[in-house]
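Written out below as structure tokens is the structure these notes cover.
The values are calculated or read from the model by the stated rules, or taken from the named source; none is laboratory data. Since we're looking at a predicted model, the values are computed, not measured. Because the Cβ atoms are built from the backbone with ideal geometry, glycine has one as well, and the counts that use them run over all protein chains shown. Keep in mind that these areas ignore ligands, DNA and RNA; they rest on the heavy atoms of the full protein, side chains included. Shrake-Rupley method; radii C 1.70, N 1.55, O 1.52, S 1.80 Å.
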Amino acid sequence: MTEALLPPMMSGLAVSGAIDPFVTACAKASLGCDAGLVVYNVSLDRIGSALVFAPEVPLGKAMAMLPLCGVGLQNSLGALAPPEVTVHLGWSGEVRVNGARCGRFRAAASTDDEGAQPDWLVVGFEMPLLSPKQRPGDDIEETALYEEGCVDVDPVNLIESWARHTLNWIARWEDEGPRPLHAEWRGIAHGLGDAVRFGGASGTFLGVDEDFGMLLRDGNDTRLFPLTALLEVQ
């Protein structure tokens, strides 16, 4: 695997085989690694990468890095993939390419207390390059990147581009606040206005609050699900 060339504020760690880059990044973060570490794994049929953050704000605010990293990936595929390829993001982390699920984002942190400043936060994504199905198109709800006309997208270049676009959005979030990120995310969000389910709840996905919490309306009731509800335990 070719080594990824990352922006100066980031460092890379390539892993291989069955090693999960997200789990590895969480382990490195818990041991006190520097923020900006990008762990990645590229195989013949999958790509995965994770970024370590050291937030300077409470977790409830820092969780904006989950949709921010998703926007970074969407922007990267927008630059590298053919123009007819569309990429959308689901609130709970799923990535959709040409309408079908094509990987997901994940997040973990040193705490699940929304009001506490976490020691670390890790956001990562995984995406199939080739479908495990016997025949492409067997499941119209699931797809793989190469099945959607992206065979010329080099996975290492995608990781490099994701790092650059994500770093750019971090700078904008710090300088301009959440408004530009909200505007970009809403333009590529999947399921706004649709009936959705999350956990044991169901309703109409109205949108998100300032911290990207999901507003779900069921009849006359509107419930708020914070992004911290998506945190994985490591």
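How high is the FRET efficiency between residue 27 and residue 154 when r is their beta carbon distance and R₀ equals 35 Å, given to the nearest 0.05? Each step should come with its number before you reach the end.
Details: r = 28 Å, r/R0 = 0.79.
Calculated transfer efficiency: 0.80.
To one decimal place, what orientation-averaged projected area in nm² is obtained for the convex hull of the Cα set of region 1-122?
Values: hull surface 32.3 nm².
If I average the Cα hull's projected area over directions, I get 8.1 nm².
How much length is gained on full extension from residue 198 to residue 84, taking 0.36 nm per residue of separation minus their Cα-Cα distance?
38.0 nm
So with the 1.4 Å probe, I'd like the accessible area per residue for the chain, rounded to whole Å².
Values: 11370 Å² over 234 residues.
Spelled out: the 1.4 Å probe surface of the chain, per residue, equals 49 Å².
As an exercise, identify the GluC sites (Glu not before Pro) in region 135-214 lying in DSSP coil whose Cβ has no more than 13 other Cβ atoms within 10 Å. If you can, show how the numbers build up before the last one.
Details: sites: 141, 142, 147, 148, 160, 174, 176, 184, 210; in loops: 141, 210.
Loop-located and lightly packed - 141, 210.
Residue 35 to residue 233: FRET efficiency via 1/(1 + (r/R0)^6), r the Cβ-Cβ distance, R0 30 Å, to the nearest 0.05?
Computed FRET efficiency for residue 35 and residue 233: 0.90.
Between residue 172 and residue 142, 0.36 nm times their residue separation minus their Cα-Cα distance comes to what? Before the final figure, lay out each step's value.
Values: separation 30, 0.36 × 30 = 10.80 nm, distance 3.27 nm.
Result for the pair: 7.5 nm of gain on full extension.
Take the solvent-accessible surface of the protein heavy atoms, probe 1.4 Å, and return the percent of it on the chain that carbon and sulfur atoms account for. List each step's numbers first, then the result.
Values: 5560 of 11370 Å².
After summing per-atom areas, the C and S share lands at 49 percent.
When only DSSP loop residues count, what trypsin sites (Lys or Arg not before Pro) in region 102-175 have their Cβ near at most 14 other Cβ atoms within 10 Å?
Working: sites: 104, 106, 133, 164, 172; in loops: 133.
Taking region 102-175 and a limit of 14 other Cβ atoms within 10 Å, the loop trypsin sites (Lys or Arg not before Pro) found are 133.
Give, as a single signed number, the net charge of other residues whose beta carbon lies under 11 Å from the beta carbon of residue 59, with Lys and Arg counted +1 and Asp and Glu -1. Spell out each step's value before the answer.
Numbers: positive: 61; negative: 112, 113, 114, 119, 211.
For residues surrounding residue 59, the net value is -4.
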